[in-house]
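The values are calculated or read from the model by the stated rules, or taken from the named source; none is laboratory data. All figures in this text were calculated on a predicted structure; none of them were measured in a lab. A quick note on method: Cβ atoms are made from the backbone with ideal geometry, for glycine too, and the neighbour counts reach across all protein chains shown.
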Amino acid sequence: MKFVSKIVPAALTIGLAAWAPVAPSAVLDITTLSNRPNLISGGDALVQITTDSGGIEAVTLNGADATAMFRPGTTANTWLGLVTGLNIGANTLVAGGKSLVITNYSLKGPIISGPYVQPFICTTETFMLPDGTTLGPPTDADCSAPTKITYLYMPRETKK
């Protein structure tokens, strides 16, 4: 009987220890992997969060919950997430008291070249491509044009 009485308290102690609250992990670093955080375009960025141990409690993007965007990374104590829905301009990502400002630009740019030169002359309808065609009319006021792929073949020189 003494043997059983000694095992039961130990089993209860082990069971209770498993249910004890775990201290939250400290976030050590937040960084973008897809590009530098001040040069993001297109509305999304691949982000890595590094903690000292365990998981992450909550991640917010501009004050809204973004925790569901993150999954465990391939190395210990890292979390990876494709952060989507970035606004044009500065966006703040916060996790565990650390924050990262992600500056998002339009896919049309400009990102590092500065504002468009004015007056701007759009030539998509007249600029001749190597195959003799043009890009056609612009699709918007910024003179955007659809992507066009053209294959050119150069004749092979023969030896004389």
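Here are a few things to note about the model shown:
- Look at the range 130-159: where a residue is free of Cβ contacts under 8 Å to residues at least 12 places away in the same chain and a partner is among the small types (G, A, S), sitting 6+ places away or on another chain with Cβ atoms under 7 Å, you get T139/A145.
- Entry remark, the range 87-114: residues being out of contact with any Ser or Thr (no Cβ under 9 Å at 6 or more places or on another chain) and in a loop (DSSP other than H, G, I, E, B) number 6 in total.
- Looking across the range 78-124, the residues that are on the phi > 0 side of the Ramachandran plot and surrounded by fewer than 16 Cβ atoms within 10 Å (Cβ to Cβ) come down to G85, G89, G97, G109, G114.
- Screening P137 with (1) of a type outside the set (A, V, I, L, M, F, W, C); (2) in a loop (DSSP other than H, G, I, E, B); (3) under 25 Å from A90 (Cα atoms) gives one miss only, at (3).
- T92 vs. criteria out of contact with any helix residue (DSSP H, G or I) (no Cβ under 9 Å at 6 or more places or on another chain), of a type in the set (S, T, Y) and either over 17 Å from T32 (Cα atoms) or modelled with pLDDT under 90 (or both): no
Conditions tested, residue by residue: (1) touching a strand residue (DSSP E or B) at 6+ places or on another chain (Cβ under 6 Å); (2) at pLDDT 85 or above; (3) hydroxyl-bearing (S, T, Y).
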| residue | (1), (2), (3) |
| --- | --- |
| Q118 | no, no, no |
| T124 | no, yes, yes |
| P130 | no, yes, no |
| L135 | no, yes, no |
| P138 | no, yes, no |
| C143 | no, yes, no |
| P146 | no, yes, no |
